[in-house]
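Quick note: the coordinates plus some simple rules give every number you see, no bench work behind them. This is a predicted model, so every value here is computed, not measured. For neighbour counting, all protein chains shown are included, and Cβ atoms are generated from backbone atoms with ideal geometry for every residue, glycine included.
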């Protein structure tokens, strides 16, 4: 299981349109196998957003990452006009959970 974070800034004048489109983005993520999907807006930077979700493996992560930045994708590409800098400014990371040792 991998935890994925996607981070980007939204053009302030397009926030309402961006937030409206996110409903279909979240549904598409579910179809692609993402689970525990969460969506955040930075408290101190209102146009900075982070998406958090889990995928089963690296292949699912790579597939979603590729689709999220593809101008050919019918759902994800709708966000590009709202993102400051476009698809190239979508930052994406996958993390593996580490076990915490109690004696640290």
Taking the stretch 1-23, which residues are surrounded by 14 or more Cβ atoms within 10 Å (Cβ to Cβ) and either over 12 Å from the mean Cα position of the chain (by Cα) or part of a loop (DSSP other than H, G, I, E, B) (or both)?
2, 10, 11, 14, 15, 17, 18, 19, 21
What's the total number of residues in the stretch 47-76 that are surrounded by 15 or more Cβ atoms within 10 Å (Cβ to Cβ) and assigned to a helix (DSSP H, G or I)?
7
